Amino acid sequence: MYFISCSQEIYGAMNGNVTFYVSKFHPSTEIIWKKEKNKVVEWDIQSGLEAFQSFKDRVYLDIGSGNLTITRLTKSDEGLYELESPGVRNKSEFHLKVIAPPPSPSTFCSLSDDGNITLTCEIMEAGYDIDGNLLQYSWECPPTVQCHRGLSPSEAYVLKKSDLSQNVQCVVSNPLFRTSASISLSTCVPEDNTRHRYVLFAILPAVICGLLFLKCFLGRHSQ
């Protein structure tokens, strides 16, 4: 008889392994694991162990604890798993979600009329299965850069009075993986030529004086 229902959300890495850990299990003469009412693996003291369908050669059952391990995970393994056994005091259910590492994101920036910078972070790789409920975006900014979250998690705003010589990092993560990309704020603003103009204005009088001196010097020697 089942006394308590306990359902857990479990994340497994694509092509990796996952184990469903059973609590309050007592050794029994029969253990059955099911996925959506279909048998995954069955063991009894007389017939031994048998795995079913795509789980053959991919499952390991610990008959002492009731724990089930599935190897070489694929997206088709996702679903609700349930343990049935006289040795189970709590009804053990596990909802498996198989996820892959997110690709490295691409970062973009644009300059607004007020001089502030808008940063955008996107996953551009075609075919990646993006689960909006699992994928999280965050921004990591140096202390000298004033960052603010944008209208969406994949956007950020940088104030123009920030140190634009720094890099800002976009981090994309899910429950198992983390990836990131950085962008240099200096690439987001037009090149400032003011300093070059000041240098030109400073040396221009000296050049003119030098030319006038050379003209006078040549003039005296030609007489």
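The values are calculated or read from the model by the stated rules, or taken from the named source; none is laboratory data. Being a predicted model, the structure only gives us computed values, none of them experimental. For neighbour counting, all protein chains shown are included, and Cβ atoms are generated from backbone atoms with ideal geometry for every residue, glycine included. These area figures cover heavy atoms from the full protein model, side chains too; ligands, DNA and RNA do not enter into them. Shrake-Rupley method; radii C 1.70, N 1.55, O 1.52, S 1.80 Å.
Among the numbered conditions (1) among the basic types (Lys, Arg); (2) out of contact with any Lys or Arg (no Cβ under 7 Å at 6 or more places or on another chain); (3) open to solvent by 50 Å² or more (accessible area, probe 1.4 Å), tell me where residue 24 comes up short.
Answer for residue 24: the failing condition is (2).
Do you know which of the residues in segment 38-72 that are closer than 20 Å to residue 98 by Cβ and free of Cβ contacts under 8 Å to residues at least 12 places away in the same chain is surrounded by the most Cβ atoms within 10 Å (Cβ to Cβ)?
51
Name every residue in segment 27-37 that is buried (at least 19 other Cβ atoms within 10 Å of the Cβ) and out of contact with any Ser or Thr (no Cβ under 7 Å at 6 or more places or on another chain), in order of residue number.
33, 35
What do you reckon, is residue 27 in contact with a strand residue (DSSP E or B) (Cβ under 7 Å, 6 or more places away or on another chain) and assigned to a loop (DSSP other than H, G, I, E, B)?
Answer is no for this residue.
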